[in-house]
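Reviewing the structure listed below.
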Amino acid sequence: MTVSAHRGEILHCLDDPRDHGEQAWQYFEDGLLIVEDGHIGACGEARRLLSGLADSTEIHQHANGLILPGFIDTHIHYPQCEIIAAYGTQLIDWLQRYAFPAESKFEDPNTAAATADFFLDELLRNGTTTALVFGTVHPQSVDAFFEAATRRNLRMICGKVMMDRNAPEVLCDTPQTSYADSKALINRWHEKGRLGYAITPRFAPTSSSAQLHMAGRLLKEHPTVHVHSHLSENKKECQWVGELFPQCKDYLDVYEQHGLLGRRSVFAHGIHLSDREWRRLQESESNLAFCPTSNLFIGSGLFNLNKADDYNVKVGLGTDVGGGDSFSLLRTINEAYKVQQLQAYNLAPIRSLFLATLGGATALDLQGVIGNFETGKEADFIVLDYYATPLINFRITKCKNLMEKLFVMQMLGDDRAIRETWIMGQKKFAR
Ligand code: GUN
Ligand code: ZN
């Protein structure tokens, strides 16, 4: 067995701080994280754990930093790297003007491979160790992505976009080809090592009922895969869905009528939901990805986290790159805090940490393998740097307690605050 250890300040969540208060997290000022064959062997006070280690065990020291579980991004588009920060439009126009032209380039496997490499390195630089990722309509986009993830030993979920209408012809598949291509990808990649497949109908407006029906059939045939789509992001989009699916009660009902809700279903945004939709999300145990940078950048609206809590709907954080303008979950937490401030709701720093780690893992139904430092979980973790910038360093010296420090790192931090990223106990990024 290969054993190593990491000594420093350690913080992780055991539960949702909303429900469990101080019991929901553990902090060790002089902590030790023991990694055994890529998994967590133990996590606790250094003085308690050091004596149990063999003298030969390598101990990595992480002074002036904070060891956290790796961040989890529950909604992002890897083919949209090249259009991040594109000026001037809201959702429907943004798709036509920027997203669709960029995605049409992924017919070329070399473009897909080069972008997947860039994208995954960018995630690691930002401390993101797991993500739920959109490919394009081209199956080769998903092959390229999973090959790049395999080379880095990352836990990643991805899927081929299903889209058979209201998009450029070159980006459209059919109900039959989308079913066959998705099924072949599931057989090739799902549960291979750390990889998982997500059935990925883009959103209701770009799929016919026949195609959504095939998506539901795929889920029935492969119940351990994820479903990944968009829901109720933009007011015009919601109105359009009403016109396209007059037989459905509301936007969520489009997905429900095609058998696409469940505990492995993740819907991005969920900004303009009715109480009926909130209730059905809860009853079906479906999950939402809260994407504040995107919701602000493309002007979609303010996600109501308080309502999600009232209805007990599980929520993760998503960057939604390229609709979102940052890969950083720290920046995402910063904007999440402000979006909740505008609705007179205080998002506590420990709750934000939960959403970015164990909460994200729970929204992906992966809480058994990632999200915190419980013994046996996969050892994906990061080290935040209290010296990241002169301002952070200055501000941190004025903090009186851990929660103040955590909040300062969340509000002032970005990729520069990620000192190291470790994947299954191996260092994969260092600044
Ligand atoms: N809705 C449908 N497609 C997309 C997309 O690519 N990005 C965002 N933000 N919303 C969408
Ligand atoms: Zn999106």
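Against the criterion of being within 16 Å of ligand 1 (Cβ to nearest atom), touching a Lys or Arg at 6+ places or on another chain (Cβ under 8 Å) and of a type in the set (Gly, Ala, Ser), Ser182 does not qualify. Every test in (1) in a strand (DSSP E or B); (2) within 14 Å of ligand 1 (Cβ to nearest atom); (3) not aliphatic (A, V, I, L, M) is passed by Asn166 save one, and that test is (1).
Total residues in region 206-215 satisfying the condition of being part of a helix (DSSP H, G or I) and buried (at least 20 other Cβ atoms within 10 Å of the Cβ): the figure is 5.
Filter region 258-275 down to the residues that are out of contact with any Leu (no Cβ under 8 Å at 6 or more places or on another chain) and farther than 14 Å from Ala363 by Cβ, then identify the one that is farthest from ligand 1 (Cβ to nearest atom). Per the criteria, the residue is Asp275. For region 105-125, the count of residues that are in a helix (DSSP H, G or I), surrounded by fewer than 18 Cβ atoms within 10 Å (Cβ to Cβ), modelled with pLDDT of 95 or more and within 16 Å of ligand 1 (Cβ to nearest atom) is nonzero. Residue count for region 357-405, restricted to those that are surrounded by fewer than 17 Cβ atoms within 10 Å (Cβ to Cβ), in a helix (DSSP H, G or I) and not charged (D, E, K, R): 7.
Taking region 247-264 as the range and being crowded, with 24+ Cβ neighbours inside 10 Å and touching a Ser or Thr at 6+ places or on another chain (Cβ under 6 Å) as the test, only Tyr251 passes. Taking the criterion of being assigned to a loop (DSSP other than H, G, I, E, B) and either touching a strand residue (DSSP E or B) at 6+ places or on another chain (Cβ under 8 Å) or of a type in the set (S, T, N, Q) (or both), the only residue of region 406-416 that qualifies is Gly413.
Taking every residue in region 411-431 that is on the phi > 0 side of the Ramachandran plot and pairing it with any residue that is of a type in the set (Ser, Thr, Tyr) and part of a strand (DSSP E or B), at least 6 positions away or on another chain, the pairs with Cβ-Cβ distances below 7 Å are Gly425/Ser4. The set of residues from region 312-327 being part of a loop (DSSP other than H, G, I, E, B), more than 16 Å from ligand 2 (Cβ to nearest atom) and buried (at least 21 other Cβ atoms within 10 Å of the Cβ) comprises just one member, Val313. Checking each residue in region 216-246 for being surrounded by 24 or more Cβ atoms within 10 Å (Cβ to Cβ) and either at pLDDT below 95 or of a type in the set (Ser, Thr, Tyr) (or both) picks out Ser229, Ser232. Having 2 or more residues that are within 19 Å of Ser352 (Cβ to Cβ) is the bar; report the helices (runs of 4 or more DSSP H) wholly within region 238-311 that clear it. Output list reads 292-297, 305-310.
The values are calculated or read from the model by the stated rules, or taken from the named source; none is laboratory data. None of the values given here were measured: they were computed from a predicted structure. Ideal geometry is used to build each Cβ from the backbone, glycine not excepted, and the neighbour counts take in all protein chains shown.
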